[in-house]
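One structure is given here, and the rest of the page talks about it.
What follows is calculated from the coordinates using simple rules that are stated; it is not laboratory data. Note that the structure is predicted; figures quoted are calculated from it, not measured. Using ideal geometry, Cβ is built from the backbone for each residue, glycine included, and neighbour counts are taken over all protein chains shown.
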Amino acid sequence: MLRKLFKFHGGVKPQTNKERSTTAPIAAVPLPDRLVIPLHQAVGGHPRPLVQPGDRVFKGQRIGGADGNLSSAVHASTSGLVRDVAPAVMPHTSGLTTLSVIIEPDGEDRWGELDKVNYRSTPPDELRDFLRDAGVVGLGGAVFPSYLKLKPGKEGKLKTLVINGAECEPFITCDDMLMRERAGDMLKGILAMRHMLQAEEVLIGIEDNKPQAVAAVQAAIAASGQSGIEAVAIPTRYPAGGAKQLIRVLTGIEVPHGRRSTDFGVQCFNVGTAFSIYEALELGRPLISRLVTVAGNVDAPRNYDVLIGTPMDHLVRLAGPRADTDRYIMGGPMMGVRLPAFDVPVVKATNCILVGSEAMFPAPAPEMPCIRCGECAKACPADLAPFELYWFSRSKNFGKAQEYHLFDCIECGCCSFVCPSHIPLVDYYRFSKSEIWAREREKEAADAARDRFEFKNHRQEREKLEKAEKLAAKAAATREKVAADGATAPAAGSDAAPAAKPAPDAAKRALIEAAMEKARQQKAQAAPRNTEQLSPDVQAEIADIEARREIVAKPAASPLPPQDA
Amino acid sequence: MINSPFVRKAASVQSVMLQVLLALVPGIAAYVWFFGAGILVQIAIASAAALAGEAAMLAIRGKPKAIFLTDLSAVVTAWLIALTFPPIAPWWLTVTGTLLAVVVVKQLYGGLGQNPFNPAMAAFCLMIVAYPALMSQWPAAGQLDFKTQLDLIFGGLRQVDAITGATPLDALRTALRAAANPDSQVHGLRAAQLMDGPAFGFLGGKGSEWIALGYLVGGLWLIQRKIITWHIPFAFCAALLVTAGLLWGVRPDAFASPVFHLASGGAMLGAFFILTDPVSGATTPRGKLLFAAGAAILTYVIRTFGAYPDGIAFATLLMNILVPIIDMKTQAPVFGHKKD
Amino acid sequence: MFTALFVMTGIALVLGAGLGFAAIKFKVEGDPLVDKIDAILPQTQCGQCGFPGCRPYATAIAGGEAEINQCPPGGEEGIRKLADLLGREFKPLSEEHGVEKPKSVAIIDENTCIGCTLCIQACPVDAIVGAAKQMHTIVAAECTGCELCLAPCPVDCITMEPIAETVDTWKWRYPVFQIAPAALGTARQEA
């Protein structure tokens, strides 16, 4: 069973540090005092809260509804009382808050009604909606809503479904332990995905430093009797677990930035996602827990099955953090996110809590100038020229940075890892990217404001025209009426008319004259503005109005005053 | 605030430079063996001048001295200057050249990583233009004892013509030009016969071919340590062999053999240590090939048709000028955007 | 003598014909410079520059009737971009036109609002919805923060709120990189 594997450019081999956390099986976590469940956990919109403070919720009850096309639902991880729906600090470098549902567990851990689904007999659209409402998102770290990726390409089927069990980041072993202990159930999830995507073959890529996981998955495949599924051991080299890199290694296909991988006949899911799809479809359980590795500066690194919303310090306490612990990192040492506080909640993206100290992760030596040695380019798995990107980012030359494919950078950290000048290269790219995004947002807002401003001006002009037209029409109607009156009056009795209408006194006449003079002046001022750059149609219309105005003006000057003057 | 990655490879500019210095040791050993310990004195003078110049400039520019003096980049420049200047150059020549390299070519352009030109080679060019005679006096192997060398370096008597000659490259070019002259005694002799003199060894100059071998060994070690890539040395040697081979193949009587070119002068030092300077050289793989091949052709042209004893220095500077455009035009396609 | 004259005349004719052809062939409708300037301006339409909107200001800059430093919402960066585009010298923001403020949106205190519609008429981008004698509200996403609605409000129920940073708008900071001698020690301690 020798499959031809492909290589990706670059990559590094950091110390893996995976042994210690794989010695003990996955453990459960006692219920914490409170769960903080951020509503915004996945890529895409912010789910709307569906509960209010004081509500009782069941385990698995939907508390956040998917918002828009690129969002997925959020659920209560245990039964209890909703204490609050309020902003809370989220596990993100910024230390900003996000709207979260705070639940006080009642200790009963009671499930609500569970909705199962038979994926073989359910139409794909319904299945996707089901998975959206079950809150299934990619558990590899990108937390992209899975239902959006479960659409086969244009042909309605897929060549290769890639399942990512590579887990290339040092310290993290949650996927490894999942494959060792839950390979059978995970495989059921994979089969469901294969069915939805109509995939010809399934390749499960696992780095060859996890022989037990490979064996467990192979045994599960053999037990299932399915064909066209293969667990492939791939060379251990960071970042082999990047989706693009893994697809490249297994199939030789390079999916460019900004393109859908289904256009190339492949799609890639994390093993953890496969397991949650199994739980959602076959057990009816939404995504309310995940496996989390607690490693680093702790006495007993281990994997835990953790409810979403569990405060991290509650979890880390189980593993015995050492006294000099001064930071938590969410994720691994290469791409992990340094957290703003110890009590931030475990979210769907939390594959690992790396407990750190100054001694374990010392600050790099002072930054030196770039000597263009090219080590970063040799290490870059996206074939970029990181030192050029660094130069452009540093000088804030964002246009040039984009020309050198800044957005193809996957921020894997290989360049910073090898840099002999200790330059925080990835920080420069993150800075550039977020500046470019901010500028694009600003530009969009400015364009929208410009459009709206122009529209308002246009509308005001139009309203002015319409008003004038209306006035003209009204005056014309009056004039006709007056004319009609004039025509009928003499017939009835010519001497009655002057007597019937009271002779207007001089003061009133003067007032009317003044008002009309003012109107005439205003019209004269407005005229040049109105007549510039008008289409022939509008000009004809204006000429028409002017003509009618003149007609109206004539009788107005006559001794007979308009009736409603 | 430190962000990911939180782990780093144990690498530093200092260790890179240190390995480059170590790789020069075999060549220097051969140098001492054949030409005496005078070169060590030159290396010491150049190193001291480089560090002093660097320290002064860092102080003026308000940069931290401890980090930049210990990064050893100035020492690498100093060693390259000492190894490319004549071993009996007077001390002030070495000092002036080194200070020019460090102060003007490196620090005035912004220090480490900012210089568009190779400092050592820029210094060599300036000095050979300013002091053509002093820069062209090379003793033959074993000709001078240590005391005489010291006297020459520190300003003793300079009966230059009596004690020194030209480099083998220079000698051969002069001889070949003479051979082309029908009035000359050596008219009609071929290059191989001209190389029979005491200055010549098996392949190139006597002694200097062994130094070249030392550089080759050190350079290969650098490739093995992944400090440099194979591109520049390979392209340089290949292009020099091909260019020299073409003319030699057409007229072996008028041109030196490709092997002679490779083993003489600064070819090996240039291929492995000078052109591979990352700061002033090309950085993309294809760019490195172009850069080194261009330097090789220019070197050959200057050696064969020019007036200076060796062409490496001028070739390096000329190619340095082209580096930005070479790098820009040879950017490799990135992941997912490849044609194949 | 005559040859020279012929040659010169010939060259003049050829070049003249070429220029004339280019003028017709590459004729640009409108004034692209105004568009370019307008693209840099923030489109707040606040009128702080002394012109009724961003485009009139852009036209005035292009016509040399206005300085490039009259736009407070565009701030220093905007002035720099204009200076780059026009090849003019950078100038600090002119104080008489206002000061650079954090980007804000207007908020109507809905309890105080009497529904007079004055702010609706003042809003240059139609970002206020409401009707006569009905409470008004501001569409925050459309609000440019121009403050033009503040003055007309008879009951002073509109306030400006700086836009808070969210995870979606949060930006990575420029990496601290300089190794000045003094900063070294502290950098180590902080890290």
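Computed on region C:99-162, the Cα convex hull volume stands at 74 Å³ per residue. Here region A:77-125 and region B:1-68 have alpha carbon centers that stand 59 Å from each other. With contacts taken as Cα pairs under 8 Å and at least 6 residues apart, region B:13-329 reaches a relative contact order of 20 percent. The lysine pair count for region B:13-329, using Cα distances under 17 Å and pairs eight or more places apart or on different chains, is 4. Looking at chain C, the pairs of alpha carbons with a distance over 29 Å make up 51% of the total. Take every Cα pair under 8 Å whose residues are at least 6 apart in sequence, average their separation, divide by the length of chain A, and the relative contact order is 15 percent. Spatial offset of region A:213-227 relative to region A:1-64 amounts to 25 Å, using the alpha carbon center of each.
Put simply, the amide H of A:Val137, placed in the peptide plane, has neighbours under 5 Å in A:Ser146, leaving out anything fewer than 5 places away on its chain. Rounded to the nearest 20 debye, the dipole magnitude of chain C is 700 debye, with +1 charges on Lys and Arg beta carbons, -1 on Asp and Glu beta carbons, and the Cα centre as origin. Ignoring lysines fewer than eight residues from A:Lys159 along the same chain, the ones with Cα atoms less than 23 angstrom from its Cα are A:Lys4, A:Lys7, A:Lys149, A:Lys151, A:Lys188, A:Lys244, B:Lys338, B:Lys339.
Karplus-derived 3J(HN,Hα) values for region A:329-342, using 6.51 cos²θ - 1.76 cosθ + 1.60 with θ = phi - 60°, are 10, 8, x, x, x, 8, 10, x, 10, 6, 8, x, 8, 7 Hz; glycine and proline are entered as x.
In chain A, what percentage of the DSSP-assigned beta bridges are antiparallel, given to the nearest 5?
Working: 35 of 59 bridges.
In chain A, DSSP labels about 60 percent of beta bridges as antiparallel.
Kindly express, to the nearest 10 degrees and within the range 0 to 90, the angle between helix A:536-557's C-alpha long axis and the longest C-alpha principal axis of chain A. Result, in degrees: 30.
Within a straight-line Cα-Cα reach of under 18 Å, C:Lys91 can be paired with the following aspartates and glutamates, leaving aside sequence neighbours fewer than 8 residues apart in one chain: C:Glu65, C:Glu67, C:Glu76, C:Glu77, C:Glu100. Built from the Cα atoms of region A:331-412, the convex hull projects on average onto 7.4 nm², one quarter of its surface area.
Beyond 41 Å, what share of the Cα-Cα pairs of the protein assembly as shown remains, rounded to the nearest whole percent? Every Cα pair in the protein assembly as shown considered, those over 41 Å come to 62 percent. For region A:192-286, a Kirkwood hydrodynamic radius built from all Cα pairs, placed in the Stokes-Einstein relation at 4 °C and 1.567 mPa s, yields a translational diffusion coefficient of 89 µm²/s.
Tally the DSSP beta bridges in the protein assembly as shown and give the antiparallel ones as a percent, rounded to 5.
Antiparallel bridges make up about 65 percent of those DSSP assigns within the protein assembly as shown.
Give me Rg/Rg_expected for region A:10-145, where Rg uses Cα atoms only and Rg_expected = 2.2 N^0.38 Å with N residues.
Values: Rg = 17.5 Å, N = 136, 2.2 N^0.38 = 14.2 Å.
Region A:10-145 yields a ratio of 1.23.
Based on the alpha-carbon set only, what is the convex hull volume of region B:13-329 divided per residue, in Å³?
122
Nearest 10 degrees, 0 to 90: what angle lies between the long axis of helix A:174-197 and the longest principal axis of chain A (Cα atoms)? So the helix axis and the longest Cα principal axis differ by about 50 degrees. In region A:124-284 the Cα-Cα distances spread across 10 Å bins starting at 0 as 11, 44, 37, 7 percent of all pairs. Three semi-axes describe the equivalent ellipsoid of chain A; taken as square roots of 5 times the Cα gyration tensor eigenvalues and ordered largest first, they are 70, 30, 25 Å. Once the Cα atoms are used to define both axes, helix C:181-190 deviates from the longest principal axis of chain C by about 40 degrees.
A simple spin-label model places pseudo-atoms 7 Å from Cα toward Cβ; at A:Lys470 and C:Ala164 they are separated by 4.3 nm. For the segment C:37-43, counting C-beta atoms of other chains within 10 Å of every residue's C-beta and taking the mean gives 4. Placing dummy labels 7 Å off each Cα toward the beta-carbon, the span from B:Ala307 to C:Ile114 is 9.5 nm. Taken as Cα centroids, region B:103-150 and region A:302-368 sit 54 Å apart, rounded to the nearest whole angstrom. Of all lysines in the structure, the ones whose alpha carbon falls short of 16 Å from that of C:Lys36, not counting any fewer than 8 places away in one chain, are A:Lys443, C:Lys81.
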